[in-house]
Amino acid sequence: MAHGTHDVDDDPRNAGVLISVNGDLVPRERATVSVFDSGFVLGDGVWEGIRVHHGRPAFLDQHLDRLYEGAHALMIDIGLSRDELARRIDDTITANEMHDGVHIRLMVTRGVKRTPYQDPRLTVGPATVVIIAEHKEPLSATVSDGITLFTTHVRRATPDTLDPKLNAHSKLNDIVACIQAYTAGADEALMLDPHGFVATCNSTHFFIVRAARDRADAGDGFGGDDAVWTSDGRFCLGGITRANVLALCRANGIEGRETTFSLTDVYGAREAFVTGTFAGVVPVRTVDGRTIGTGTRGPVTERLQGLYAAMIERDVTTSRS
């Protein structure tokens, strides 16, 4: 069984990958940043995880939109145009002769500090930009058999403390949630919002499938009697896979709702699944020891997995050359 959506089999090719550090492609063992870097000292930065398919980064424009929006909010000057950064990503993929089964971690920090202190005005260098591309595939058991979740006491932050819309390097609350989940015997953590409603998971977005009782055309066509629910979005990252799955629901006759719901709604769901850049759409077997539906991948989840795979194919086919 899988142990979280990011569980992988080690690939020996990763020992020899070249990593882009401020535009220089260097061997893995020499890919370093300063101990005075803002990301190391303070977790001061933004990042993206990107899948590569047929040698192309999937949904790149959406990822760059989120990266640059976050950097702007934090007043971090990336120092590169979108096209320049996209070329660095392409250069990293090309230098490593990568094609499929690849995951990229793109990280941007504020840069090197004069001394280890939080004030951004003590930054003395340009932004640090690191691109790590590795051969990584989700485990087949993750995709087919799914994962288990445990509801943690660690809540999602409000925007006036740490805005959950920021894909920031500061992930300590998610890490603490993850620790609580796996020490309780689950794979990942389900996190609630400050009001006790379901928000998201520690590293993925959470969905349930419920009966679409309020639809006049319920039962007409595949998925017509099902509704896919996810949180109202106020206390979770603006997930790219999350948004794409909601778009797929709208385009394929499946009711998709961004709404407020509780754990009681979760425990009584027909199906549950999580979404994320790395593994795509992943079924959830149990939440807090309660079996969801049949405890196996449901028909809506399986259909969305196929629709999402086709969506990636379309995106990389039409992406920039």
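No value in this document is a laboratory result; all are computed from the given coordinates. Model, not experiment: these values are computed from the prediction. Cβ coordinates were reconstructed from backbone atoms using ideal geometry, including for glycine residues, and neighbour counts include every protein chain displayed.
In the stretch 13-135, Cα pairs under 8 Å separated by at least six residues give a relative contact order of 37 percent. Label sites at Ala95 and Ser140, each approximated as a point 7 angstrom past Cα along Cα to Cβ, lie 3.4 nm apart. Cα centroids of the stretch 113-177 and the stretch 240-255: 25 Å apart.
When the Cα gyration tensor is reduced to axis lengths a ≥ b ≥ c, the ratio a/c is 1.5 or higher for the stretch 165-204, and with a/b not above b/c it is classed as oblate. As a length-normalised measure over Cα pairs under 8 Å and 6 or more apart, the relative contact order of the chain settles at 19 percent.
Working from label points 7 Å from Cα in the Cα-to-Cβ sense, the Tyr117 to Leu162 distance is 2.3 nm. The length gained by stretching the chain between Ala73 and Ser34 to full extension, at 0.36 nm per residue less their Cα-Cα distance, is 11.6 nm.
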